[in-house]
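Asks: Can you keep this structure in mind? I'll have questions shortly.
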2 protein chains.
Amino acid sequence: MKTENNLRYYEDFEIGEIIPVGYKTITREEVTRFAEEFDPQPFHLNDEAAAKSLFGKLSASGWHTASMFMRMYVDSVLKNAASLGAPGVEQLKWLKPVFPDDTLTGRYHILDKRVSQSRPGVGILYGKAEMMNQDKEIVMTFEGSGFMRCRDSELSV
Amino acid sequence: MKTENNLRYYEDFEIGEIIPVGYKTITREEVTRFAEEFDPQPFHLNDEAAAKSLFGKLSASGWHTASMFMRMYVDSVLKNAASLGAPGVEQLKWLKPVFPDDTLTGRYHILDKRVSQSRPGVGILYGKAEMMNQDKEIVMTFEGSGFMRCRDSELSV
């Protein structure tokens with residue numbers, strides 16, 4: 001069970017590690033589809049309202065930006081790791097608007113790690129996420145913890 | 001312009017106000033559709049993997065839960081307010097898993113407000129969001145700021 005896969009476990013992550021999360025170009029259709037379902041404010045839905053907004057033009061919901069980072073992090077890290085979920089994030093900052101056709105990239109910087117005292121076999125990674133656009137502007141940052149199975153734990157995940 | 005609508009402006013929100021955000025029943029299809037696009041971890045996608053996870057059964061991505069709160073907040077508050085977006089949130093906590101067929105509700109508690117020093121005509125509301133399930137368990141909380149146009153500002157939003 002524990003050796004027949006190539007998953008990264010808690011022990012395989014190192015403090016100081018900086019993990020790139022690839023690239024994602026966001027389309028106008030994605031911006032408006034997310035906004036229609038989750039954040040139907042005019043500046044996320046139509047150009048005229050957006051032009052008069054603080055953003056200046058149609059921009060993605062901040063929750064969409066965070067969700068896109070999650071997808072990039074899953075594809076780059078978690079799909080090959082013994083991930084057990086996450087309890088939350090801190091200091092989620094939307095620093096710049098994200099516009100249709102922006103190409104986003106990012107990285108996850110592991111700042112700390114420890115084994116859970118209350119849940120045997122569960123490790124906790126603490127890190128900082130950063131997302132940038134094609135002009136190297138940081139559009140979003142947050143910090144947060146993630147649970148990761150320890151290599152020799154009895155957890156079946 | 002400023003009197004022909006029923007929008008709530010910065011001045012119309014009061015510190016201490018607690019705003020209910022309605023109800024939302026989440027379906028299995030919504031859980032897996034969001035997860036496929038943004039958080040394709042096995043415990044958000046299939047029952048077998050979820051049964052072996054810390055969550056015990058198929059659960060929604062935390063980003064999905066946050067996005068659903070946003071939709072409820074838009075429908076209850078922002079669609080009738082002079083909202084100008086938000087710079088971020090703090091202490092986003094996923095306290096309990098959200099499962100298919102859960103009926104979620106929530107409230108937004110306005111904790112503080114002030115007029116922006118750097119952006120004339122922009123007010124800042126600071127509040128705490130809470131989301132509960134049908135068993136009155138708090139599943140998610142976060143705090144955060146939102147920008148709201150002041151009633152007599154020259155902003156066209």
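Asks: Inside the range B:138-153, can you point out the residues that are out of contact with any Gly (no Cβ under 6 Å at 6 or more places or on another chain) and not in a loop (DSSP other than H, G, I, E, B)?
Replies: Across the range B:138-153, the qualifying residues are B:Ile138, B:Val139, B:Met140, B:Thr141, B:Phe142, B:Glu143, B:Gly144, B:Ser145, B:Gly146, B:Arg149.
Asks: Kindly indicate which of B:Asp112, B:Asp135 is at pLDDT 95 or above, assigned to a strand (DSSP E or B) and acidic (Asp, Glu).
Replies: B:Asp112
Asks: If we scan the range A:28-48, do we find a residue that is of a type in the set (Ser, Thr, Tyr), within 11 Å of another protein chain (Cβ to nearest Cβ) and out of contact with any strand residue (DSSP E or B) (no Cβ under 8 Å at 6 or more places or on another chain)?
Replies: No.
Asks: What do you reckon, is B:Leu58 facing chain A (nearest Cβ under 9 Å) and on the phi < 0 side of the Ramachandran plot?
Replies: Criteria not met by B:Leu58.
Asks: Looking for something over 18 Å from the mean Cα position of the chain (by Cα) and either at pLDDT below 95 or of a type outside the set (Gly, Ala, Ser) (or both) - is there at least one such residue anywhere in the range B:78-91? Full working, then the answer.
Replies: To start, the set of residues in the range B:78-91 that are over 18 Å from the mean Cα position of the chain (by Cα) comprises none.
No, the range B:78-91 contains no residue that is over 18 Å from the mean Cα position of the chain (by Cα) and either at pLDDT below 95 or of a type outside the set (Gly, Ala, Ser) (or both).
Asks: Just to be sure I understand, how many residues within the range B:74-112 are in contact (Cβ under 8 Å) with a residue 60 or more places away in the chain, away from chain A (no Cβ under 12 Å) and among the small types (Gly, Ala, Ser)?
Replies: 1
Asks: From the list A:Asp102, A:Asp112, pick out the single residue that is crowded, with 18+ Cβ neighbours inside 10 Å and not hydrophobic (A, V, I, L, M, F, W, C). Quick ask: steps written out before the conclusion?
Replies: Values: A:Asp112 fails: crowded, with 18+ Cβ neighbours inside 10 Å.
None of the others qualify; the one that does is A:Asp102.
Asks: Out of B:Ser67, B:Ser53, which single residue is hydroxyl-bearing (Ser, Thr, Tyr) and closer than 30 Å to A:Glu154 by Cα?
Replies: Among B:Ser67, B:Ser53, only B:Ser53 is hydroxyl-bearing (Ser, Thr, Tyr) and closer than 30 Å to A:Glu154 by Cα.
Asks: Mind listing whichever residues of the range B:10-39 are surrounded by 13 or more Cβ atoms within 10 Å (Cβ to Cβ), over 17 Å from A:Arg33 (Cα atoms) and among the aromatic types (Phe, Trp, Tyr)?
Replies: B:Tyr10, B:Phe13
Asks: Looking at A:Gly121, A:Gly62, which one is more than 11 Å from the chain's Cα centre (by Cα) and free of Cβ contacts under 8 Å to residues at least 60 places away in the same chain?
Replies: When all the criteria are applied, what remains is A:Gly121.
Asks: Right, next: Kindly check whether there is at least one residue in the range B:5-17 that is more than 13 Å from chain A (Cβ to nearest Cβ), touching an Asp or Glu at 6+ places or on another chain (Cβ under 9 Å) and of a type in the set (A, V, I, L, M, F, W, C).
Replies: Yes, the range B:5-17 contains a residue that is more than 13 Å from chain A (Cβ to nearest Cβ), touching an Asp or Glu at 6+ places or on another chain (Cβ under 9 Å) and of a type in the set (A, V, I, L, M, F, W, C).
Asks: Output the number of the condition that B:Ala49 fails; it satisfies all remaining conditions of (1) of a type in the set (A, V, I, L, M); (2) buried (at least 19 other Cβ atoms within 10 Å of the Cβ); (3) part of a helix (DSSP H, G or I).
Replies: It fails just one condition, (2).
Asks: Could you tell me whether B:Ser67 is within 7 Å of chain A (Cβ to nearest Cβ), polar (S, T, N, Q) and closer than 30 Å to A:Leu84 by Cβ? If you could, list the steps in order and put the result at the bottom.
Replies: Numbers: within 7 Å of chain A (Cβ to nearest Cβ): yes; polar (S, T, N, Q): yes; closer than 30 Å to A:Leu84 by Cβ: yes.
In short, yes.
The values are calculated or read from the model by the stated rules, or taken from the named source; none is laboratory data. All figures in this text were calculated on a predicted structure; none of them were measured in a lab. All Cβ positions, glycine included, derive from the backbone under ideal geometry; neighbour counts span all protein chains shown.
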